[in-house]
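Working notes, beginning with the structure itself.
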Amino acid sequence: MSKDQFINIVETIADNKYVLGDRLVEVGFSGADVESILSAVAMAQGELGHARLLYHWVFDLEGKEGRKPDIKEETGKSFREVREINSLVKLIAGFFTTNVAIDILFDAMMKSGHSDIQSRLNKLYLEHKEHCLFSESWAMKLLNDEGHVPKKFSQDLNDCVSEVEQWFQEVQQSASELKEYLGNENLLERFQSRVQRLKQKGVVASG
């Protein structure tokens, strides 16, 4: 049962990366300048590449053999707020929030001592760290922008955070069964701490 729960988590991560990759292309083209647009496209390619690797990992975890399937749609586990991204502000809120959540999960997996997980994640884990830094940089820009943008970003951020918090609560209800894969990390607490740190930076920079 614990393996099935872990597969569910990996699929959730893959689905969110898949949808984020799609939204980064669709919505990212509304960026303010060419540099932002090119950055969004580069991040989109990275997210889609990560999603493909994670789906293939699930294929192996399920004990399937043969050629890995082409991934043309998610499995239905992506966050609602990520699926509903329809503006640049909401894109950055969802990109930051989801990246932080995934980073915390990857950290827990890498610290679990599970050698198969560590070997499978190693390169992807390091690449994802770059996505986190990039999304936090974008988030800081919006928090310290002018006009209505900071308020709108904060609202979208809170919506995304609320959904992820609920998901982490569900994951932690199975903490004992998932210990082999995620160790003893308090995922929800770590997530809330990372989000709060961003908000505090925004307040300091704005003040």
Quiz item: Got a sec? Which residues in region 135-176 would a label at residue 26 touch, if it sits 7 Å along Cα→Cβ and we count backbone N under 18 Å?
Solution: 160
Self-check item: Length added when fully stretched, residue 200-residue 119, from 0.36 nm per residue minus Cα-Cα
Solution: 25.6 nm
Exercise. Write down the accessible area per residue of region 96-181 in Å², having rolled a 1.4 Å probe over the full set of protein chains.
Key: 49 Å²
Exercise. Please state, as a whole number in µm²/s, the translational diffusion coefficient that the Stokes-Einstein equation yields for region 148-192 at 25 °C and 0.890 mPa s, with Rh defined as the Kirkwood radius across alpha carbon pairs.
Key: 208 µm²/s
Quiz item: For the Cα atoms of the chain, what angle does the longest principal axis make with the long axis of helix 187-206, in degrees from 0 to 90, nearest 10?
Solution: 20 degrees
Quiz item: By the scheme Lys and Arg +1, Asp and Glu -1, what is the net charge of all other residues having a beta-carbon under 10 Å from that of residue 104?
Solution: -2
Self-check item: Protein accessible area in the chain, 1.4 Å probe - carbon and sulfur %
Solution: 48 percent
Quiz prompt | Signed unit charges on C-beta, dipole axis of region 100-170, positive-most listed residue 132, 162, 119 | solution = 119
Self-check item: Calculated from backbone phi, Karplus (6.51, -1.76, 1.60) coupling profile of region 7-22 in Hz, x at Gly/Pro
Solution: 4, 4, 5, 4, 5, 5, 4, 4, 4, 5, 5, 4, 5, 4, x, 5
Quiz item: For the chain, what does the equivalent ellipsoid look like in terms of its semi-axes, each the square root of 5 times an eigenvalue of the Cα gyration tensor, given largest first in whole Å?
Solution: 29, 20, 14
Quiz item: Of 43, 82, 14, which is farthest along the charge dipole of the chain in the positive direction, counting Lys and Arg as +1 and Asp and Glu as -1 at C-beta?
Solution: 43
Quiz item: Which value, in debye to the nearest 20, describes the size of the charge dipole of region 1-152 about its Cα centre when Lys and Arg Cβ atoms bear +1, Asp and Glu Cβ atoms bear -1, and nothing else is charged?
Solution: 180 debye
Practice problem: Return a whole-number percent for the relative contact order of the chain, with Cα pairs under 8 Å and 6 or more residues apart as the contact set. | Solution: 24 percent
Quiz item: What accessible area per residue, rounded to a whole number of Å², is obtained for region 34-91 using a probe radius of 1.4 Å?
Solution: 59 Å²
Quiz item: Which entries in 77/141; 17/68; 129/201; 111/179 show an alpha-carbon gap greater than 22 Å?
Solution: 77/141
Practice problem: Using a Förster distance of 41 angstrom, determine the FRET efficiency expected from the C-beta separation of residue 56 and residue 159, and round it to 0.05. | Solution: 0.85
Exercise. Mind pulling the angle between the C-alpha long axis of helix 34-61 and the longest principal axis of the chain? Nearest 10 degrees, somewhere in 0 to 90.
Key: 20 degrees
Quiz item: Over the alpha carbons of region 41-82, what is the largest minus smallest coordinate on each principal axis, giving the biggest first in Å?
Solution: 32, 24, 15
Exercise. Using just the alpha carbons, could you tell me how many Å³ per residue the convex hull of region 93-207 encloses?
Key: 85 Å³
Self-check item: Longest site-free stretch - the chain; sites: trypsin sites (Lys or Arg not before Pro), DSSP loop, at most 13 other Cβ within 10 Å
Solution: 73-207
Quiz item: Relative to the first principal axis of the alpha-carbon coordinates of the chain, what is the inclination of helix 88-111, with its axis defined by its Cα atoms, in degrees from 0 to 90 and to the nearest 10?
Solution: 30 degrees
Practice problem: Counting helices only, and only those DSSP H runs with n ≥ 4, report the 222 nm mean residue ellipticity of the chain as the sum of -39,500 (n - 2.57) divided by its residues, in deg cm²/dmol to the nearest 500. | Solution: -27000 deg cm²/dmol
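The values are calculated or read from the model by the stated rules, or taken from the named source; none is laboratory data. Remember, it's a predicted structure, so these values are computed and weren't measured experimentally. FYI the Cβ positions are ideal-geometry reconstructions off the backbone, even for glycines, and counts take in every protein chain you see. Surface accessibility is based on the protein's heavy atoms, side chains included, excluding ligands, DNA and RNA. Shrake-Rupley method; radii C 1.70, N 1.55, O 1.52, S 1.80 Å.
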